[in-house]
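The values are calculated or read from the model by the stated rules, or taken from the named source; none is laboratory data. Quantities reported herein were computed from a predicted structural model and do not represent experimental measurements. Here the Cβ positions follow ideal geometry from the backbone for every residue, glycine too, while neighbour counts run over all protein chains shown. Keep in mind that these areas ignore ligands, DNA and RNA; they rest on the heavy atoms of the full protein, side chains included. Shrake-Rupley method; radii C 1.70, N 1.55, O 1.52, S 1.80 Å.
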Amino acid sequence: QLQASGGGLVQAGGSLRLSCAVSGRTFSNAAMAWFRQAPGKEREFVAALFRSAITTFYKDSVKGRFTISRDMAKHTVYLQMNSLKPEDTAVYFCALGTGMIQSTVRRDSAYNYWGQGTQVTVSS
């Protein structure tokens with residue numbers, strides 16, 4: 001199971017850190033990702049760690065502002081979001097994928113397990 005938390009209301013330019021606690025499954029060899037879905041829009045890729053976590057991937061619009069990381073001891077994946085913008089407003093979902101190949105990390109259909117989502121609202 002994946003349990004996402006850390007969302008909230010923040011002013012533009014502010015920061016939030018999302019957490020995704022993983023239970024019942026090891027994620028040392030899995031791909032972990034964050035996706036988001038804004039009202040009336042399709043779910044989109046935000047960031048991912050691929051297996052060893054040495055390789056990270058980001059949506060272009062969040063590069064330099066967001067950082068994905070993980071704490072193996074705490075079985076948790078994080079998304080540190082800085083310099084937030086109103087267009088970052090969305091429900092954020094964490095996802096875990098097993099047996100994936102690197103070229104598929106941006107595809108939501110490649111992930112086996114999903115958290116429940118946490119709302120992030122950025123006011124202007």
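When the strands (runs of 3 or more DSSP E) confined to the stretch 1-76 are screened for residues that are touching a Gly at 6+ places or on another chain (Cβ under 8 Å) and not aromatic (Phe, Trp, Tyr), those reaching at least 2 such residues are found at 2-5, 16-22, 31-37. The sole residue among Ser69, Ser28 that is among the hydroxyl-bearing types (Ser, Thr, Tyr), open to solvent by less than 60 Å² (accessible area, probe 1.4 Å) and under 19 Å from Thr118 (Cα atoms) is Ser69. May I ask you to list the residues in the stretch 77-93 that are of a type in the set (Asp, Glu) and surrounded by 22 or more Cβ atoms within 10 Å (Cβ to Cβ)? Matches in the stretch 77-93: Asp88 only. For Phe50, the test of being buried (at least 18 other Cβ atoms within 10 Å of the Cβ), modelled with pLDDT under 95 and either under 23 Å from Ser23 (Cβ atoms) or in contact with an Asp or Glu (Cβ under 7 Å, 6 or more places away or on another chain) (or both) is passed. Annotation note: Cβ proximity below 6 Å between a residue of the stretch 16-35 that is more than 18 Å from Lys59 (Cβ to Cβ) and among the polar types (S, T, N, Q) and a residue that is outside any strand (DSSP E or B) and open to solvent by 30 Å² or more (accessible area, probe 1.4 Å) (sequence gap 6+ or interchain) occurs for Ser19/Gly6; Ser23/Gln1; Asn29/Arg51.
Within the stretch 94-124, the only residue that satisfies the criterion of being over 13 Å from Val22 (Cα atoms), surrounded by 22 or more Cβ atoms within 10 Å (Cβ to Cβ) and not β-branched (Val, Ile, Thr) is Tyr111.
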